[in-house]
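Novice: Provided herewith is a single structure, encoded as structure tokens, for subsequent inquiry.
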Amino acid sequence: MSDVATRRIAEKFAQLSAGQRRAVYQRLRSDGMSIGQFPILKRDGSAAQACALSYAQARQWFLWQLDPSSTAYHIAGALALKGELNADAVRSAFFRAGGTA
């Protein structure tokens, strides 16, 4: 599908009600597709006011404005583990003895 076509579909999707969007999500899933295939559109001003940032989002935005090249909040790698999980060992790594999970 061309970029122009996916953008046009995304623009129409953005104008749907919440119920209509749920129906589209269900149809996409049943057809083996994902909403992630469509571009992210810039919100208009009225939507930005209706969806204010959380305090955490505002803090992240502010810190990014101070230093856009900082990698302080980036995850630089991943770890893949194989084998049986020892749930007690994981709990003890995150909680002190006598704590609850």
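The values are calculated or read from the model by the stated rules, or taken from the named source; none is laboratory data. This is a predicted model, so every value here is computed, not measured. We work out accessible area using only protein heavy atoms, side chains counted, and drop any ligands, DNA or RNA first. Shrake-Rupley method; radii C 1.70, N 1.55, O 1.52, S 1.80 Å.
Novice: What accessible area, in Å² to the nearest ten, does a 1.4 Å probe give for residue 81?
Specialist: 150
Novice: According to the Cα gyration tensor, what semi-axes, each the square root of 5 times an eigenvalue, does the equivalent ellipsoid of the chain have, listed from largest to smallest in whole Å? Kindly include the intermediate steps, with their values, before the conclusion.
Specialist: On the way: eigenvalues 269, 116, 56 Å².
The three semi-axes for the chain are 37, 24, 17 Å.
Novice: Would you rank 25, 73, 55 by solvent-accessible area, highest first, keeping every protein chain in place and using a 1.4 Å probe? Mind dumping the intermediate values first?
Specialist: Values: 25 80, 73 145, 55 205 Å².
Accessible-area ranking of 25, 73, 55, largest first: 55, 73, 25.
Novice: Moving to a separate point now. Karplus couplings for the range 70-77 from phi (6.51 cos²θ - 1.76 cosθ + 1.60, θ = phi - 60°), rounded to Hz, Gly and Pro as x?
Specialist: 5, 10, 4, 10, 9, 8, 8, x
Novice: Report the accessible area of residue 9, computed with a 1.4 Å probe over the heavy atoms of all protein chains in place, in Å² rounded to the nearest 10.
Specialist: 70
Novice: Report, to the nearest whole %, how much of the accessible area of the chain belongs to carbon and sulfur atoms, 1.4 Å probe, protein only. Don't skip to the end; give the middle numbers.
Specialist: Working: 5360 of 9430 Å².
In the chain, the share of accessible area belonging to carbon and sulfur is 57 percent.
Novice: Distance between Cα centroids, the range 3-38 to the range 55-94: provide it in whole Å.
Specialist: Each part's Cα centre sits 30 Å from the other's.
Novice: Could you do me a favour and compute the accessible area per residue for the chain, 1.4 Å probe, result in Å²? Don't skip to the answer; put the middle values down first.
Specialist: On the way: 9430 Å² over 101 residues.
It amounts to 93 Å² per residue over the chain.
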